[in-house]
Amino acid sequence: MQYKSRTDLDLASETQHSGNRSPSGFPLIKRSRLETLQANLGYRCNQACSHCHVAASPKRSESMDWQTMEWLLRFAAQHDIKLFDLTGGAPEMNEFFRDLVVAAREMGVGVIDRCNLTILSEPGQEDLARFLAKQQVEVVASLPCYQKENVDKQRGRGTFEASIAGLKSLNALGYGVPGSGLYLNLVYNPAGPSLPPSQDSLEAAYKTQLSSEFGIKFNQLFVMVNMPISRFEERIAANGQLGEYKTLLKNSFSSDNLDGVMCRSLISVDWRGYVYDCDFNQMLDMPLKHGDSERLHISALMAKDISGSAIQVDGHCFGCTAGQGSSCQGALVA
Ligand code: SF4
Ligand code: SF4
């Protein structure tokens with residue numbers, strides 16, 4: 001799929017959604033109905049990938065406590081939240097991960113586990129795949145390529161083989177198998193500062209390659225744009241590519257993506273319980289604004305309706321609206 005590149009002049013002349021813009025040039029947008037609570041359970045991870053926008057690693061110790069998780073559960077009940085989207089770091093490394101999943105499922109709330117696949121074979125996590133299947137947790141798993149060298153380069157040596165082993169163990173439990181009710185979706189992000197290819201054509205290539213070489217099945221491929229923040233920003237800045245990449249994202253702006261950006265229907269909660277419009281804003285320490293408070297804890301939002309409130313946007317938001325768009329559920333336009 002080809003995307004028409006847009007100049008700053010084109011951007012300025014667009015009228016839809018563009019009555020007001022932030023100083024970065026990104027349109028000012030507002031929340032709609034809240035459906036998903038995305039919780040970052042901590043920054044500890046068994047990997048330390050070069051593109052990681054949360055700079056997670058085995059050395060990080062930040063971790064959500066149970067008291068904060070209880071606030072998440074109360075908030076979900078109060079606001080009729082449909083979905084918990086659990087992320088990290090490796091969310092499964094949080095000691096209360098399983099308690100939170102069980103409690104959410106008992107309330108009828110769906111759960112997504114953003115799983116790096118290699119965690120499934122870490123010591124102490126051997127029964128993780130079975131636990132996820134039993135709780136009917138949707139697994140969204142990073143696999144930036146179907147070729148070993150590309151995956152190991154981005155995510156560390158040995159990652160590809162461990163990821164394939166993880167996918168096979170999930171398939172064996174029914175994940176990704178049509179009719180099983182167990183959803184296994186993969187995530188692709190480019191290795192460098194470029195836009196991802198068409199989600200549909202890349203999904204077809206992934207399905208063909210993973211099936212023929214390893215017998216692996218999965219439901220959908222989500223392609224995501226690398227955000228120019230945190231570790232990825234540092235890496236491309238060191239290579240002198242940051243300015244060019246930001247220009248690419250801005251010039252690839254498509255207003256068709258504005259209605260679907262994830263911050264319209266999601267809040268992101270950090271490991272301490274503070275609330276943001278999305279995970280990227282969390283990493284940039286741009287808290288959700290509601291009323292006069294500089295920073296809101298989830299406990300302070302309990303009785304508040306935030307639909308219609310302004311979303312904190314800045315230049316990084318062009319990463320969500322470039323080309324086919326990018327969100328936690330992949331591309332925004334077909
Ligand atoms: S697996 Fe995910 S959370 Fe962990 S370092 Fe890699 S990108 Fe970051
Ligand atoms: S970066 Fe966050 S706030 Fe900006 S458009 Fe994307 S989801 Fe919304």
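The values are calculated or read from the model by the stated rules, or taken from the named source; none is laboratory data. Quantities reported herein were computed from a predicted structural model and do not represent experimental measurements. Every residue, glycine as well, gets a Cβ built from its backbone with ideal geometry; the counts of neighbours run over all protein chains shown.
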For Val140, only one of the following conditions fails: (1) in contact with a helix residue (DSSP H, G or I) (Cβ under 7 Å, 6 or more places away or on another chain); (2) surrounded by 21 or more Cβ atoms within 10 Å (Cβ to Cβ). What is its number?
(1)
I'm told Ser293 meets every condition in (1) at pLDDT below 85; (2) more than 19 Å from Thr68 (Cβ to Cβ) except one. Can you identify the failing condition by its number?
(2)
Looking at Glu70, Glu62 in this structure, which one is within 26 Å of Glu233 (Cα to Cα), away from ligand 2 (no atom under 16 Å from the Cβ) and surrounded by fewer than 22 Cβ atoms within 10 Å (Cβ to Cβ)?
Glu62
Any residue that is charged (D, E, K, R), surrounded by fewer than 18 Cβ atoms within 10 Å (Cβ to Cβ) and within 30 Å of Lys82 (Cβ to Cβ) - is there at least one of those in the range 150-167?
no
What pairs can you find where one residue is in the range 271-295 and of a type in the set (S, T, N, Q), the other is at pLDDT 90 or above, and their Cβ atoms are less than 6 Å apart, with a gap of 6+ or different chains?
Asn281/Gln312; Gln282/Ser268; Gln282/Asp270; Gln282/Tyr276
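Looking at the range 291-307, which of the residues that are within 23 Å of the chain's Cα centre (by Cα) and under 16 Å from Leu34 (Cβ atoms) is farthest from ligand 1 (Cβ to nearest atom)? First the steps, then the outcome.
Applying the first criterion (within 23 Å of the chain's Cα centre (by Cα)) to the range 291-307 yields 295-298, 301, 306-307.
Subset that is under 16 Å from Leu34 (Cβ atoms): 296, 298, 301, 306-307.
Numbers: Leu296: 25, Ile298: 22, Leu301: 26, Ile306: 27, Ser307: 30 Å.
Of everything passing the filter in the range 291-307, Ser307 is farthest from ligand 1 (Cβ to nearest atom).
From the list Phe232, Phe218, Phe222, exactly one residue is in contact with a Leu (Cβ under 8 Å, 6 or more places away or on another chain), closer than 27 Å to Ala56 by Cβ and at pLDDT below 95. Which is it?
On the way: Phe232 fails: in contact with a Leu (Cβ under 8 Å, 6 or more places away or on another chain); Phe218 fails: at pLDDT below 95.
None of the other options fit; the residue is Phe222.
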Taking the range 301-318 as the region of interest, how many residues are surrounded by fewer than 24 Cβ atoms within 10 Å (Cβ to Cβ) and either outside any loop (DSSP other than H, G, I, E, B) or more than 14 Å from ligand 2 (Cβ to nearest atom) (or both)?
10
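From Glu106, Glu92, grab the single residue that is away from ligand 2 (no atom under 16 Å from the Cβ) and buried (at least 20 other Cβ atoms within 10 Å of the Cβ). Lay out the reasoning, then the answer.
On the way: Glu106 fails: buried (at least 20 other Cβ atoms within 10 Å of the Cβ).
Exactly one residue qualifies, and that residue is Glu92.
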Selection status of Met262, within 16 Å of ligand 1 (Cβ to nearest atom) and either at negative phi or surrounded by fewer than 20 Cβ atoms within 10 Å (Cβ to Cβ) (or both)
no
Scanning the range 66-95 for residues that are charged (D, E, K, R) and free of Cβ contacts under 8 Å to residues at least 40 places away in the same chain, the one farthest from ligand 1 (Cβ to nearest atom) turns out to be Asp80
Here are some residues: Arg98, Arg114. Which one is within 16 Å of ligand 2 (Cβ to nearest atom) and in contact with a Leu (Cβ under 9 Å, 6 or more places away or on another chain)?
Arg114
When both residues are 6+ apart or on different chains and their Cβ atoms are under 6 Å apart, which pairs have a first residue that lies in the range 19-43 and is basic (Lys, Arg), and a second that is within 13 Å of ligand 2 (Cβ to nearest atom)?
Arg21/Pro27; Lys30/Ala310; Arg31/Arg264; Arg31/Ser309
